[in-house]
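Written below as structure tokens is the structure these notes are about.
The values are calculated or read from the model by the stated rules, or taken from the named source; none is laboratory data. These numbers come from a predicted model, not from an experiment. Because the Cβ atoms are built from the backbone with ideal geometry, glycine has one as well, and the counts that use them run over all protein chains shown. Heavy atoms of the whole protein, side chains included, go into the accessibility calculation; ligands, DNA and RNA do not. Shrake-Rupley method; radii C 1.70, N 1.55, O 1.52, S 1.80 Å.
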Amino acid sequence: MGDPATPPASELAAMAIIDGASLKHPFSDRVPVRSIVCRPDGGAGLAGNRVRAGGWVKTGREQGKGSFAFLEVNDGSCPANLQVIVDAGVEDLSTLVQTGTCVSVEGVLKVPPEGTKQKIELRVERVLHVGPTDPAKYPIPKTKLSLEFLRDHIHLRPRTNTISAVARIRNALAFATHSFFQEHGFLYIHTPIVTTSDCEGAGEMFQVTTLINEAEKLDKELIENPPPTEADIEAARLTVMQKGEIVAQLKAAKATRDDISAAVAGLKIAKENLSRLEERAKLKPGIPKKDGKIDYAQDFFARQAFLTVSGQLQVETYACAVTSVYTFGPTFRAEHSHTSRHLAEFWMVEPEIAFADLQDDMNCAEAYVKYMCQWLLDKCFDDMELMAKLYDKGCIDRLRMVSSTPFERISYTEAVRLLEEAVRGGKEFEKNVEWGIDLASEHERYLTEEIFKKPVIVYNYPKGIKAFYMRLNDDSKTVAAMDILVPKVGELIGGSQREERYEVIQQRIAEMGLPLEPYDWYLDLRRYGTVKHCGFGLGFERMILFATGIDNIRDVIPFPRYPGRADL
């Protein structure tokens with residue numbers, strides 16, 4: 001016999017839920033669906049407990065000639081639904097059963113009859129809230145919908161199984177990113193979104209300016225209040241002259257101080273009016289120009305500014321002071337591409353390590369990718385099972401393989417040789433293979449999926465296809481760059497040892513045809529206390545594509561931006 005003062009386990013569980021000490025959401029009066037159905041016993045051990053639950057109806061059906069209804073309710077905490085049973089005497093069933101309806105209910109958890117797939121169900125005693133939906137207008141019915149269709153309903157698509165699962169996977173990978181770098185002593189640095197530097201040197205950047213808005217406001221204002229004519233200005237000049245003569249006459253006549261002061265005040269007002277008219281006469285419609293070019297000195301930042309394509313250059317300033325850093329944030333590229341791999345706004349993870357070379361860079365990048373894969377297996381297995389069921393049967397096996405297999409490492413020259421051998425053996429690529437090309441996705445996937453059947457790190461690329469900041473190798477033909485290529489996606493990570501030699505990087509900037517002035521601060525890192533350092537960038541959405549097996553990058557970011565679309 002146990003201590004008579006100690007309640008039975010079932011009562012303890014009930015108290016935990018009611019008191020919010022265990023299963024109840026810490027900042028809500030409900031118990032998340034995950035806390036009920038994702039237990040090892042499927043929730044059966046909670047039978048007899050009274051709970052409040054809430055969510056959106058996935059499917060609903062009336063049974064027993066309308067005497068009760070089954071609802072499959074999901075709150076986004078997990079892929080699984082909670083089966084809810086409501087009697088007709090509790091609430092109007094016709095409203096509750098519509099897909100998309102939001103409900104908050106209170107009742108008792110019961111073990112369903114044998115033979116049903118559910119381990120637990122909620123028998124409702126009270127309906128606390130109903131957010132009804134008109135089934136004739138609701139655009140996300142329970143029928144299977146294409147991901148392309150869902151892009152036209154960005155604000156509602158998180159209610160689908162796929163998009164909510166992707167959101168949880170994305171969240172897990174973000175958490176894993178911070179966990180990995182924090183565990184390894186990196187500082188999280190917030191780099192600017194507005195920049196005056198073009199990190200990639202490609203010029204495909206979104207411009208940040210207020211000149212257009214200001215010009216439009218001025219144009220409107222000049223229409224409503226036209227600028228002064230030359231006659232208006234001449235009249236104002238004449239007034240100034242007349243007022244001046246009055247002051248002179250009063251002084252000559254030795255008038256009273258009050259009279260002279262009043263005349264001087266009138267002259268001052270006339271001069272101010274003339275000055276305003278002359279300034280206003282200079283206003284011209286349109287964007288301000290100087291020497292035939294846009295005058296960016298009149299812009300908000302007094303110079304050209306852009307949305308960043310990378311936080312790397314800025315985060316290097318911290319790497320060259322506090323040694324190990326990373327940035328994780330949105331980046332932008334104004335590239336008119338409609339492929340399944342491109343977005344105008346996407347997220348990048350960019351670590352930077354001082355006192356480290358290309359080998360250290362490859363070691364860090366490989367460890368990071370493996371860490372993320374294992375994290376998903378440990379923390380998001382139910383969502384990964386959904387991805388395997390709906391999109392890619394091999395996605396879980398792929399995560400297991402990557403998390404446990406050493407990556408292959410080959411030079412760019414060796415990679416080209418292997419691809420050329422494949423061509424001689426009958427393999428056809430859309431893009432010709434020769435030394436000096438930037439490897440295409442088809443080449444990258446062939447290396448990972450056909451030749452090595454695992455991730456591959458390709459290093460020492462031709463300098464002509466890489467950025468100016470990558471360290472020039474002793475052969476003067478290649479740079480100490482590396483890309484991690486993975487099955488399904490191709491390039492996942494791009495990185496390099498940075499050029500720390502002042503004269504060399506100055507020459508590289510000139511070779512690329514870039515102006516030195518915007519990078520003067522960057523050169524200071526080489527002028528003052530230079531240090532070897534390295535880093536890489538991981539396209540966060542590409543990592544989600546790789547993990548889930550989903551084909552289009554627009555479906556793994558909450559609010560995709562691409563040419564012609566920027567919804568919400």
Counting just the residues of the range 493-518 that are more than 26 Å from the chain's Cα centre (by Cα) and of a type in the set (D, E, K, R), which one comes out farthest from residue 322 (Cα to Cα)? 511
Mind listing just one residue for me: the one in the range 243-268 that is among the hydrophobic types (A, V, I, L, M, F, W, C) and free of Cβ contacts under 8 Å to residues at least 12 places away in the same chain and, of those, nearest to residue 226 (Cα to Cα)? 265
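Given the residues 527, 554, which is the only one that is among the basic types (Lys, Arg), within 27 Å of residue 402 (Cα to Cα) and at pLDDT 95 or above?
Testing whether each residue is among the basic types (Lys, Arg), within 27 Å of residue 402 (Cα to Cα) and at pLDDT 95 or above leaves just 554.
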Does residue 509 satisfy the condition of being crowded, with 16+ Cβ neighbours inside 10 Å, at pLDDT below 95 and in contact with a helix residue (DSSP H, G or I) (Cβ under 8 Å, 6 or more places away or on another chain)? yes
Mind listing whichever residues of the range 519-540 are of a type outside the set (Gly, Ala, Ser), crowded, with 16+ Cβ neighbours inside 10 Å and under 29 Å from the mean Cα position of the chain (by Cα)? 519, 522, 525, 533, 534, 536, 538, 540
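Criterion first (open to solvent by 20 Å² or more (accessible area, probe 1.4 Å) and more than 25 Å from residue 551 (Cα to Cα)) does residue 446 satisfy it?
no
Inside the range 288-312, can you point out the residues that are in a loop (DSSP other than H, G, I, E, B) and surrounded by fewer than 18 Cβ atoms within 10 Å (Cβ to Cβ)?
Here is the first cut: in the range 288-312, the residues in a loop (DSSP other than H, G, I, E, B) are 288, 291-292, 295, 299-304, 308-311.
Across the range 288-312, the qualifying residues are 288, 291, 292, 295, 300, 301, 302, 303, 304.
Going through 491, 511 one at a time, which residue ends up being acidic (Asp, Glu) and farther than 16 Å from residue 409 by Cβ?
Details: 491 fails: farther than 16 Å from residue 409 by Cβ.
Step by step, each of 491, 511 is checked, and only 511 is acidic (Asp, Glu) and farther than 16 Å from residue 409 by Cβ.
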Output the residues belonging to the range 313-368 that are assigned to a helix (DSSP H, G or I) and among the hydrophobic types (A, V, I, L, M, F, W, C). 313, 315, 319, 320, 321, 322, 358, 362, 364, 365, 367
Taking helices (runs of 4 or more DSSP H) that fall entirely within the range 457-568, which contain at least 1 residues that are charged (D, E, K, R) and within 30 Å of residue 387 (Cβ to Cβ)? 540-548
Pull up the range 251-284, narrow it to residues that are surrounded by 12 or more Cβ atoms within 10 Å (Cβ to Cβ) and among the β-branched types (Val, Ile, Thr), then point me to the one that is modelled with the highest pLDDT. 269
Name, by its number, the condition in (1) more than 18 Å from residue 362 (Cβ to Cβ); (2) crowded, with 18+ Cβ neighbours inside 10 Å; (3) polar (S, T, N, Q) that does not hold for residue 441. (2)
Complete set of residues in the range 409-441 that are in a loop (DSSP other than H, G, I, E, B), of a type outside the set (S, T, N, Q) and more than 24 Å from residue 359 (Cβ to Cβ): 425, 426, 427, 428, 429, 430, 431, 433, 434, 436, 437, 440
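Just to be sure I understand, how many residues within the range 83-125 are in a strand (DSSP E or B) and closer than 27 Å to residue 140 by Cβ?
Residues meeting the conditions: 13.
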I'd like to know if the range 224-239 contains one or more residues that are over 30 Å from residue 285 (Cα atoms), modelled with pLDDT of 90 or more and over 60 Å from the mean Cα position of the chain (by Cα). no
Hey, any hits in the range 100-112 for a residue that's in the same structural domain as residue 37 (by the TED database), under 38 Å from the mean Cα position of the chain (by Cα) and acidic (Asp, Glu)? yes
Can you tell me which residues in the range 350-388 are under 16 Å from residue 480 (Cβ atoms) and among the aromatic types (Phe, Trp, Tyr)? 355
Selection from the range 227-242 of residues free of Cβ contacts under 8 Å to residues at least 40 places away in the same chain and open to solvent by less than 80 Å² (accessible area, probe 1.4 Å) yields 229, 231, 235, 239, 240
Just to be sure I understand the filter: pairs with C-beta atoms under 8 Å, separated by 6 or more residues or on different chains, first member in the range 62-75 and in a strand (DSSP E or B), second member among the basic types (Lys, Arg) and surrounded by fewer than 16 Cβ atoms within 10 Å (Cβ to Cβ). Which pairs pass? 69/61; 70/61
Those residues of the range 389-434 which are free of Cβ contacts under 8 Å to residues at least 40 places away in the same chain, within 31 Å of the chain's Cα centre (by Cα) and surrounded by 15 or more Cβ atoms within 10 Å (Cβ to Cβ), in sequence order: 396, 403
Of all the residues that make up the range 369-382, how many are among the hydrophobic types (A, V, I, L, M, F, W, C), touching a residue at least 40 places away in the same chain (Cβ under 8 Å) and not in a loop (DSSP other than H, G, I, E, B)? 5
